[in-house]
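No value in this document is a laboratory result; all are computed from the given coordinates. For clarity, every value in this text was computed on a predicted model and none was experimentally measured. Glycine gets a Cβ as well: all are built from the backbone with ideal geometry, and neighbour counts include every protein chain shown.
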Amino acid sequence: MSDILKVENVTLQFGGVKAITDISFNVKEGEVCAVIGPNGAGKSSMLNVINGVYLPQIGTVTYNGVTRKTINPRDAAIAGMARTFQNIALFQGMTVLENIMTGRNLFMKSTWLEQGLNIGRAREDERVNRLAVEKVIKFLQIESIRKTPVAKLPYGLQKRVELGRALVAEPKILLLDEPMAGMNLEEKADMSCFILEINKEQGITTVMIEHDMGVVMDISDHVVVLDYGKKIGDGTPSEVMANQDVIDAYLGVSH
Amino acid sequence: MGFDFVYLIEVVVGGLLSGVMYSLVAIGFVLIYKSSGIFNFAQGTMLLFASLTFVKMTENGIGFWTALFIASGIMVIVGVATEKFVMRPLANQDLLALFMATVGLATFQEGFAQFMWDSDVHGLQMNKFIDISLLDSNPIFISDYIPWLDLLIPRFDIFASLVAGTLIVVLAFFFQKTNTGMALRAVSDDHMAAMAVGIPLQKVWAIVWAVTGIIALVSGLLWAERVSVSFTLIEAVMKALPVILIGGLTSIPGAIIGGLVIGVGEKLGEIYLADLFGGQGIELWFAYFMALMFLVVRPQGMFGEKLIERV
């Protein structure tokens, strides 16, 4: 399979601090790629470079055959990139349904005038997009909280809603920033199932940052390991597990 | 003499009516603050600029509806241009810098309005243009006296609050029912997430500024009837500040209720508490006093978000 995403020689600095140093890796179409590493390794920064939130000083990102240094997050969304955030970034003033509906905003063809008066293309828009949203709600088993304001939901469910908002945009690639952080075992199992199903059934390429090694080894096809902003491992889960640098980074080195 | 209950109702209704107009002005502030975190100091001069533009056109023989249409167009352009040339280049700067930019904008608009038109005081009699005696066809509204309820209420106040109320309802509908409204609410909750789902941040900002321009025009015209079109109009806008303090800068329902509370409160204060505070005229400052008292109890306003920060 071809590479849908190629990160080449990316270096990202904040003032004098190097968050990422000369990192390259490829993501194949249709795979689950996990980016792992200790705290402060530059994982989230990497995701933010791919998504266009940060502009790297050096290096390029090739997505879908187009090479560029940076992209505007909105253009990234138009090009089929959807993401979730490490600290849940839901729209707190909205219900679950409304939050997921925002993920469909690029599919709306009608103008505000049509929507306000509920005429013309607005009805078709409402029908089609509501259908897509309901499909995602059913898939994530959150039917019962459809009308609940997200601020009232427990953390695990908020993470699920955020996944729904990304998924409903019918992305080519999903970027998930710690989708299971702070979850209990049961919630993690559910989330793993969702991610796997999204990947296997819908064929959506997934790049995921995750801390839980068990989960990472279970569901990913490809693991990239970062430490202090550098890449120290890249391969299948079993290859990475056997990599001495990775073991040292996680367990420490005896002197 | 016993307590004049009818008079009390008149005072309350009068307060509610002027409160609606405070609400409208406050909504102008809230919209900009919600969507971009900026407290728009130029709101008052936008109001002045809008009504001055309108008045000058009608003084030069342009008909009411034409003038209203052109003035709306100009305010949309002013709003969009403000976003594009003043706010956008400053995006991601410190909020204080953005606030200072609106202070500069206010000074510029004040000078520009004088340069374009003049600094005379212009009277604006709405009933020259619109026949508010239309209301007379309804037997309830004959003159300022409403025999049906046995109350005395100024007709223009009813008209003005009907207009302001309608605009508020239309706006609320716009923000609830349309995709643009949903985008605005998304932007006001989380810029980063809004961009990530593909919402055009700058387009939303431009729309908000344009809508604010229209609000400035409508509220400007309604206020101008009472205080004439001159620089005192800017002070009228300052009455929206206590409204925002009470309602919270982030809440449109808060702005509406805050406006009503201030409207009623200052009228009641003027009528029933004036003697305690040393005579008539406390209406001028009583609103600010109420806001201050309110702040002591609830610093975030009635519906404002309580800021909780993770430590």
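When the Cα gyration tensor is reduced to axis lengths a ≥ b ≥ c, the ratio a/c is 1.5 or higher for region B:162-311, and with a/b not above b/c it is classed as oblate. Set against the 2.2 N^0.38 Å expectation for a compact globular protein, chain A has a Cα radius of gyration ratio of 1.05. Shielding value for A:114-121 is 3, the average number of Cβ atoms from other chains within 10 Å of each residue's Cβ. Per the Kirkwood formula applied to alpha carbons, the protein assembly as shown shows a radius of gyration over Rh ratio, Rg over Rh, of 1.07.
Entry note, the protein assembly as shown: the mean residue ellipticity at 222 nm calculated from DSSP H runs of n ≥ 4, each adding -39500 (n - 2.57), is -17000 deg cm²/dmol after division by the residues and rounding to the nearest 500. Counting every other Cβ atom within 10 Å of each residue's Cβ, A:E187, A:E178 order from fewest to most as A:E187, A:E178.
Defining a contact as two alpha carbons under 8 Å apart and six or more residues distant in sequence, what relative contact order in percent does chain B show?
35
Taking region A:73-192 as the region of interest, what is the percent of Cα-Cα pairs per 10 angstrom bin, listed from the shortest bin to the one with the maximum distance? Spelled out bin by bin, region A:73-192 gives 13, 43, 34, 9, 2 percent.
For region A:17-100, how big is the tail of P(r) above 19 Å, as a whole percent of Cα pairs? Mind dumping the intermediate values first?
Numbers: 1633 of 3486 pairs.
Counting pairs separated by more than 19 Å, the tail of P(r) holds 47 percent.
Averaged over A:173-184, how many beta carbons belonging to a partner chain fall within 10 Å of each residue's beta carbon?
Working: counts 0, 0, 1, 0, 0, 0, 0, 0, 0, 0, 0, 0.
For peptide A:173-184, the averaged partner shielding equals 0.
The translational diffusion coefficient of region A:145-206, from Stokes-Einstein at 10 °C and 1.306 mPa s with a Kirkwood hydrodynamic radius over alpha carbon pairs, comes to 129 µm²/s.
What ratio of Cα Rg to 2.2 N^0.38 Å holds for region B:61-101?
Working: Rg = 15.0 Å, N = 41, 2.2 N^0.38 = 9.0 Å.
Output field value: 1.66.
How many angstrom lie between the C-alpha centres of region B:216-263 and region B:46-73? Here the two parts' Cα centres lie 20 Å apart.
Counting only DSSP beta bridges with both residues in the protein assembly as shown, tell me the antiparallel percent, nearest 5. The partial results should precede the final answer.
On the way: 25 of 41 bridges.
If we restrict to bridges inside the protein assembly as shown, about 60 percent are antiparallel.
Placing one equal scatterer on every Cα of region A:199-255 and applying the Debye formula, the log10 ratio I(q)/I(0) at q = 0.21, 0.23, 0.26, 0.30 Å⁻¹ is -0.84, -0.97, -1.17, -1.40.
Shielding value for A:96-105 is 4, the average number of Cβ atoms from other chains within 10 Å of each residue's Cβ.
With all distinct Cα pairs included, what does the Kirkwood hydrodynamic radius of region B:5-236 come out to in Å, to one decimal, could you say? Intermediate results must be reported in sequence, preceding the final value.
Values: mean 1/r = 0.0528 Å⁻¹.
Here the Kirkwood hydrodynamic radius works out to 18.9 Å.
For region A:1-22 versus region A:164-239, the inter-centroid distance based on Cα atoms is 19 Å. Once the convex hull of all Cα atoms in region B:1-131 is built, its volume per residue stands at 164 Å³.
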